[in-house]
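See below for the structure under consideration.
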Amino acid sequence: MKIIVTAGMGWLEVITGSMFSGKSSELINRLRMAKYAKQSVVAFKHASDVRYDKEKLASHDQVFIEAVPVSSVEEMEKLFFEKYSDVQVVGIDEIQFFPGGAVQFCEKLADLGKRVIVAGLDKDFKGEPFGDMGEFMARAEYVDKLQAICAVCGNPATVSQRLINGEPARADDPIVLVGATESYEPRCRRCHEVK
């Protein structure tokens, strides 16, 4: 990624791709690099994501960073302006879990001169665009779309295959199901299935 910094200018970075493509790891890495550069940082995560830790942002490979769990964009915005308005870098993991208002909130932060880094799925388990991620990608100054490796054939994976008792999920199943390897695996276009 090539970043040209202009003093006082904010921007939006998007890290996206399928599950197990390294989105959270990349977000954590960028936040750690900002801390190393002596920049002030805050990370937010959705409160429902307790897969590895209730209060830390975590990757599937067990890398952690301190985070603030929140249940909504409204809660995140309130906490930000009450406690974290002086930070330079804001990270938000699993941005697709924050429907309605997340794009506007992140744009507001960037307009205030913040570096905003969001990570989230670009497609749901059916392979359809997930929430506001398309709008995030269109508005961002920087977009990185990561790929995993297909668990079936080894090709680049771009879709998160949901599995129920080892079988592909049905098209009418709920869109959101927080899980990890017990419920999902990365798949390529050819190996992805929805019943």
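Computed from the coordinates by the stated procedures, all read-outs in this text should not be read as laboratory data. Worth saying up front: this structure is predicted, and the values here are computed from it rather than measured. Positions of Cβ are backbone-derived with ideal geometry, glycine not excepted, and every protein chain shown enters the neighbour counts.
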Neighbour-count ranking [beta-carbon atoms within 10 angstrom, fewest first] of Cys191, Cys153: Cys153, Cys191
222 nm mean residue ellipticity, helices alone, for the chain (DSSP H n ≥ 4; -39,500 (n - 2.57); rounded to 500): -5500 deg cm²/dmol
Using a Gaussian network model of the chain with C-alpha springs under 10 Å, which one of Phe81, Phe125, Phe97 is most mobile by mean-square fluctuation? Phe81
Rounded to the nearest 5, what % of the DSSP beta bridges within the chain are antiparallel ones? 35
So what's the angle, to the nearest 10 degrees on a 0 to 90 scale, between helix 23-36 and the longest Cα principal axis of the chain? 20
Most exposed first by the Cβ proxy, i.e. fewest other Cβ within 10 Å, how do Ile164, Ile95 rank? Ile164, Ile95
Mind listing the long-range amide H neighbours of Phe44? Cut-off is under 5 Å, sequence gap 5 or more, other chains count too, H placed in the peptide plane at 1.01 Å from N. Val68, Gly91, Ile92, Asp93
Angle between the chain longest axis and helix 102-111 axis [Cα atoms, degrees, rounded to 10]: 30
For the chain, modelled as a Gaussian network with Cα springs under 10 Å, which listed residue fluctuates most, Phe136, Phe80, Phe44? Phe80
Just to be sure I understand: with springs between alpha-carbon atoms less than 10 Å apart, which residue in Met76, Met133, Met33 has the highest mean-square fluctuation in the Gaussian network model of the chain? Met33
For Leu112, distant residues with modelled amide H under 5 Å away: none
In the chain, with Lys and Arg counted as +1 and Asp and Glu as -1 at Cβ, which of these residues, Pro69, Cys191, Leu79, has the Cα nearest the positive end of the dipole, that is, farthest along it? Cys191
Neighbour-count order for Asp93, Asp111, Asp124, fewest beta carbons within 10 angstrom listed first: Asp111, Asp124, Asp93
